[in-house]
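Scroll down for the structure; my scribbles are underneath it.
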Amino acid sequence: EELGYTHAWIGDSQLIWREAYVNLGAAGLATRHITLAQGVTNPVTRHATVTASALATLSELTGGRVALGIGAGDSSVETFGERPARLSHLRDAVGTIRGLLAGERVDVGTGEARLDWAEPLRIPLFIAGSGPRILGLAGEIADGAIILVGTAPDQVRAAITCIREAAKGVGRDLDADGFKFVLWA
């Protein structure tokens with residue numbers, strides 16, 4: 001924060017690093033301006049209802065200085081032999097999280113759920129990925145993308161083009177929407 005960073009992304013890979021939400025809460029208490037986010041969580045190890053509740057709690061703690069970084073799952077799932085989420089599961093989880101945070105009653109597959117204690121809120125959501133399908137999903141439904149393709153300019157340009165084309169395909173104007181591109185390097 002003192003160095004001028006706008007966001008702090010805390011890893012969410014339970015067998016490699018310490019618990020993300022504990023670290024995010026501690027960072028929230030120790031800072032005043034920086035936006036805090038998971039870098040990144042996933043719908044395999046974190047049920048969408050758990051993610052929504054944790055984000056609402058963190059938002060309450062920090063006065064709204066929260067974003068969500070989410071992807072299909074990488075080290076958090078592979079370290080115990082699980083597979084990353086299918087894109088349809090990720091898309092559904094994003095819808096569930098957004099619905100719960102908006103104060104809606106949502107179908108979670110086994111019934112309906114509602115985040116009863118929280119005031120409705122909108123948290124910026126970033127989808128992380130490296131392949132064209134998940135980057136395209138970010139362009140279709142997210143507020144930003146965390147691009148995981150290295151730092152070679154051609155690769156980064158190709159990723160951004162993929163995101164923009166998918167957004168255009170669903171009628172989105174990313175510039176008008178304030179879409180954010182994050183390069184994970």
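The values are calculated or read from the model by the stated rules, or taken from the named source; none is laboratory data. Computed from a predicted model, the values in this text were never measured in an experiment. Here the Cβ positions follow ideal geometry from the backbone for every residue, glycine too, while neighbour counts run over all protein chains shown. The accessibility values were calculated without ligands, DNA or RNA, using every heavy atom of the protein model including side chains. Shrake-Rupley method; radii C 1.70, N 1.55, O 1.52, S 1.80 Å.
Checking R105, R83, R91 one by one, the residue that is out of contact with any strand residue (DSSP E or B) (no Cβ under 9 Å at 6 or more places or on another chain), surrounded by fewer than 19 Cβ atoms within 10 Å (Cβ to Cβ) and more than 21 Å from E140 (Cα to Cα) is R83 and no other.
Within the range 72-121, restricting attention to residues that are over 15 Å from the mean Cα position of the chain (by Cα) and hydroxyl-bearing (S, T, Y), the residue that is farthest from V40 (Cα to Cα) is T110.
Of the strands (runs of 3 or more DSSP E) lying entirely inside the range 7-79, those containing at least 3 residues that are open to solvent by 10 Å² or more (accessible area, probe 1.4 Å) span 7-10.
Please determine whether any residue of the range 132-145 is surrounded by fewer than 18 Cβ atoms within 10 Å (Cβ to Cβ) and touching a Lys or Arg at 6+ places or on another chain (Cβ under 6 Å). No, the range 132-145 contains no residue that is surrounded by fewer than 18 Cβ atoms within 10 Å (Cβ to Cβ) and touching a Lys or Arg at 6+ places or on another chain (Cβ under 6 Å). Between V149, V182, the distinction of being within 21 Å of A8 (Cα to Cα) and free of Cβ contacts under 8 Å to residues at least 24 places away in the same chain belongs to V149 only.
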